[in-house]
Amino acid sequence: MANKSVWSDNRFWQRSATWVTGFASVLLIWLTFDTSAQISMGDDADLKNGVTKRVPGPTVINYKITYEMDAKRGHEVPVIGEKEKFFGRDDYSEEEAGALLHLGKLGSQAKNCMDCHTLLGNGAYYAPDLTKSWLDPAWGPEGSMQSMTGKDTKEEAMAEFLQHPSQYPTHARMMPNLGITAAEAKGLVAFLKHMSSIDTNGFPRNFGKIQGAVHGK
Amino acid sequence: MANNHLTSESKQLATWYFTFAAIIFGAQLLFGLVAAIQYVMPAFLFELVDFSIARIIHINALVVWMVFAMFGSVYWLLPDETGIETVGIKIGKLLFWVFAAAIVVVVLVYLLVQVGPADETTIWFITEGREYIEAPRWADFGIVVVALGFVGNLFLTGMKGKQTGIVTVLMADMIAFAGLYLAGMFFTDNISVDQYWWWWVIHLWVEATWEVFVGAIAAYGLITMIGAHRKTVEMWLWIEVSMLFGSGILGLGHHYFWIGTPEYWWEIGALFSALEPLPLVAMFIHVLYDWGKTQGSQDAKGEQLSVINNKPAFTWFVLNAFGNFLGAGIWGFFHTLPQVNLYTHGTQFTSAHGHLAFFGAYATILIGMFYLGVQGSNGIKVMKNTKLSIWATSMITGGVVGMTVALTIAGYVQVLVSRAQMGATWAAYFDGQSGLWFVQAMDWRLIMGVVTFLGFVLLATDLLRTGKSAVHER
Ligand code: HEM
Ligand code: HEM
Ligand SMILES: [Fe+2]
C-alpha cells in the first residue's frame, strides 16, 4: 500500500473533483454579482444625464435610437440621441414607460415570440432576429411597411402588423395571427424599441449596413 | 415491457418511467416533423398548429422524455448499486403518476390553448414562452415537488445502502440538476437578466449536470454489461467529473457574448468552453478502452466469447461515446469562439449542433437504458441484437446524422448570406432562407427526419417484441 501512487487513488480524484467544482462555482457566483450590477436596468435620470447603461431604462422609448460603429470598441453600439415621438408622445414618465415595457415583455412570452424568432439571438430560427428589429430599414421611411400598413410612423406600422400579421405578408412564410390586441401591440413595440437600445457587444454585426441603421440615416 | 421477472419494485418503477419516456419521444419526433414540413410548405397547418406550437411541443417533449428516462435510469440502477430496495418507493410511484398527468395536461394546453393575453395568468396557466422551459408556473411548482421527492428517495437509499462512487456522484449531481430549475422560474421585464438566468438552466443542465449523469450511467453500464472493474471505472468517473464541471460551469460564458452582458465573458466563455470537448474525449476513450481491455482478457483465456451481455444496449452506449464527442464536442467547438459565434449565433448552425448533441449525448445512452430495462424485465442473461434492433439503430442514427449535415449546410448559407454579407436584417434573413442550398437543405432535413421517425417506429416495435425473441440466452 505504501508505494501506491496518488494518481491511481480514487479518493484523490474525488477530492480534486470537489475542489475544481467548488472553485468554478465560486468564480461563477462572483462574476454573476458583477454582471448583474452591469445589466441592471437604468432609469430616467441616467438617460437625462447621459449615463450609458448596457440596458437603459424604459423611458428610452422617448428617444431616437441608432446603431453606430464605435472605433474604440471595434464594433457597433446603440446610441441614444435626441427626443423622438413614440405614438405621438415623447414625454412618457418612468411609470408609463415601465408599464408599457412590462406589458410588452409579458406579451412576448404569452405569444411565444421566441418559438419562431430569436431575441438577442436566442430562440427559434423560423423568422428574423428581433434584437434590432426596431431599426430594421423595412420599417423606416424608405421601407415598404409604412405604406403597406397605411401608417405614417414606424411604431404605428409595427403595431398594425403585429395585430394582423397575416394581412401583410411579404413572404410565403407568414407570421400567424396571435390574437394581439391594440394595447398589447403598443407594449410589444415598446419592448422591441427598448431591446434595440441594449448594448449587445456588436451583435448582430453590420446590422442594416445595406441602408439605414448604421449611421443613423 | 413485462415486469414478471423483476423482483425489485424500484426496477418496476423504472420500467414505467422508460415506457412513458419512449411514448413522449415518439410525440417529440412527430411534432418535429410538423415543424420541418412548415419550413418546406409554410401553409401546412397555418393558424391551426403554427410553427411555434409544433416547436414548443417538439423541444419540451424532448426535455421531458429525457428527464423521465433519467429518473427511470436512477431507479433502475439503485438496487444494483446500493444492494437494497429503494427507500420511499411508494411515494416514488405516486409521484410518477402526478408527474405524468401534469405533463399530459401541460402538453394539451400548449396544443389546444396555445397563447394567452399578455398578463400573469398566461404565465401561470398556459405558457412562460421561454424556449425549452415554456411549462407554465403551476407546472414548475409541481415539477419541483416531484424532483424533490425523487432526490429524497435517492439520498435516503444512498445513505441507507452501500454508497458506491457512482451513487455518490449521482446524489451530488441530481441535487444540482433539480436546484438549477429554480433559476428559470421567475419573470422579469429585463430581457438581458431573463436570458442570463435562463442559460443557467439550459447550459448548466446539458453541459454540466446532465453530462455528469451520463458519466455515471456509462460507468454503471460498463460494470454491468461488460464486467469492467469498478475501481477503474470509478476513478475515471471522478476524473470526468472534475473535467466536466471544471470546464462546463464557466463555459456558460459562451452564451453571454451578445445578450447585453459585459465583454469579459468573451474571454471567459471562449477559454472554458473550448476546454469542454476534453472530458468528452476522455469519456470516449474510457468506454472503448474498458471494452478492449475486458474483451482482451477474455480472449487471452482462449475462448471466442463476447464479454457483452446486452448487445443492443451496449451498441447504444458506444454510439453515445461517439455521439457525445461529435455532437457536443466537435459541433459545439465549431461555434464556441466569439469570433465565429458573432456570425453563427442563432442560425441553423445552432440547430445542427443542438440536434447532434442532444441525440449523441443523451438520446443514445437513454435508449440503451431502455434495452437494459427490457433485458431485466424478461430475465434475459445475454441479450442479442435482432434484425429489427439493427435496423432501428441504423435508421435513427443515420437520420439524425443526415439532418445534422443538412442543417450545417443551411447554417453555412445563412452565415454567409444573411449575416456576413447582408447584416442580419429582415430582408437579409429571407435572402438567406431562399438560397438554393438552404432550400435544398430544408428538403433533406425533412427526408432525414422521416427516416429518423421510421427508425423510431422500428425501435418501439423492437422494445415491445424483443423480450420474447428466441435469439437471446436466458
Ligand atoms: C451534450 C452536450 C450539449 C448539448 C445537449 C448542447 C445543446 C445545445 C443546444 C440545444 C443549443 C441551442 C440552444 C438554443 O436553443 O438557443 C446549444 C447552443 C450552443 N452550444 Fe451546445 N450543447 C452541448 C455541448 C456543447 C459544447 C461542449 C460546446 C462547446 C464546446 C457547445 C457550444 C454551444 C454554443 C457556443 C452554443 C450557442 C449557439 C448560438 O450562439 O446560437 N455546446 N447547445
Ligand atoms: C423526426 C426528426 C426530427 C425533426 C424533423 C426535427 C425538426 C426540428 C425543427 C424543425 C426544429 C426547429 C428548429 C428551428 O427553430 O428552426 C427542431 C428543433 C430542435 N430539435 Fe428537432 N427534429 C427531429 C428530431 C430531433 C431529435 C432526435 C432531437 C434530439 C434528440 C431533436 C432536438 C431538437 C432541439 C434541441 C431543437 C432546438 C434547437 C435549437 O434551438 O437550436 N430533434 N427540430
Ligand atoms: Fe452551452
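Values quoted throughout were computed directly from the atomic coordinates according to the rules given, and no laboratory measurement underlies them. Predicted, not measured: the structure shown is a model, and the values here were computed from it. FYI the Cβ positions are ideal-geometry reconstructions off the backbone, even for glycines, and counts take in every protein chain you see.
What to note about this one:
- The value obtained for the stretch B:181-340, namely the Cα convex hull volume divided by the number of residues, is 112 Å³ per residue.
- When each full DSSP H helix of chain A is screened for a Cα extent of at least 24 Å along its own axis and an average Kyte-Doolittle hydropathy of at least -0.5, the helices passing are A:10-39.
- Distance from the alpha carbon centroid of the stretch B:21-69 to that of the stretch B:372-429 works out to 15 angstrom.
- The stretch A:53-73 versus the stretch B:125-177: alpha-carbon centroid distance in Å: 41 Å
- Only Cα pairs under 8 Å and 6+ residues apart enter the sum, and on that basis the relative contact order of the stretch B:308-474 stands at 30 percent.
- Inverting the pair-averaged 1/r between distinct Cα atoms of the stretch B:308-474 gives 17.2 Å as its Kirkwood hydrodynamic radius.
- Convex hull volume of the Cα atoms of chain B, normalised per residue: 142 Å³.
- Taking trypsin sites (Lys or Arg not before Pro) across the stretch B:298-393, the ones in a DSSP loop with at most 11 further Cβ atoms lying within 10 angstrom of their Cβ are B:K301, B:K381.
- Sparse-neighbour loop sites [GluC sites (Glu not before Pro); the stretch A:100-180; at most 16 other C-beta within 10 Å; DSSP]: A:E142
- By the beta-carbon count within 10 Å of each Cβ, the least crowded to most crowded order of B:V151, B:V104, fewest first, is B:V104, B:V151.
- Taking the C-alpha atoms only, the angle from helix B:277-300 to the longest principal axis of chain B is near 30 degrees.
- All C-alpha to C-alpha distances of the stretch A:85-217, sorted into 10 Å bins beginning at zero, yield P(r) values of 12, 44, 39, 6, 0 percent in whole numbers.
- Each principal axis of the Cα atoms in the protein assembly as shown has its own extent, and those three values, largest first, are 84, 56, 45 angstrom.
- For chain A: relative contact order, % (alpha-carbon pairs under 8 angstrom, 6 or more apart): 22 percent
- When both the stretch A:112-132 and the stretch B:249-291 are represented by their alpha-carbon centers, they are found 24 Å apart.
- Computed packing ranks the peptides B:40-47, A:108-115 as A:108-115, B:40-47, most packed first, by mean other Cβ atoms within 10 Å.
- Once the Cα atoms are used to define both axes, helix B:311-323 deviates from the longest principal axis of chain B by about 40 degrees.
- The stretch B:75-221: relative contact order in percent, alpha carbon pairs under 8 Å with at least 6 residues between: 25 percent
- Debye equation applied to the C-alpha atoms of the stretch B:347-400, log10 I(q)/I(0) at 0.15, 0.21, 0.30, 0.31 Å⁻¹: -0.54, -0.85, -1.17, -1.19
- Dipole magnitude (debye, nearest 20) for chain A, charges at Cβ of Lys, Arg, Asp, Glu: 840 debye
- Members of B:K293/B:K381; A:K53/A:K186; B:K90/B:K384; B:K162/B:K387 lying beyond 32 Å, as alpha-carbon distances in this model show: B:K90/B:K384; B:K162/B:K387
- Per residue of peptide A:35-48, the mean number of Cβ atoms on other chains within 10 Å of the residue Cβ is 3.
- For chain A, built as a Gaussian network whose Cα springs stay under 10 Å, the top-fluctuating residue of A:L31, A:L101, A:L119: A:L31
- GNM top mover of A:D70, A:D34, A:D90 - chain A, alpha-carbon springs below 10 Å: A:D34
- Dipole axis of chain B (+1 Lys, Arg; -1 Asp, Glu on Cβ), positive-most option in B:G423, B:S389, B:T336: B:S389
- Chain B: angle of helix B:436-465 to the longest principal axis, Cα-based, in degrees nearest 10: 30 degrees
- Selected from A:G42, A:G88, A:G140 as most flexible by GNM, with chain A as the system and alpha-carbon contacts under 10 Å: A:G88
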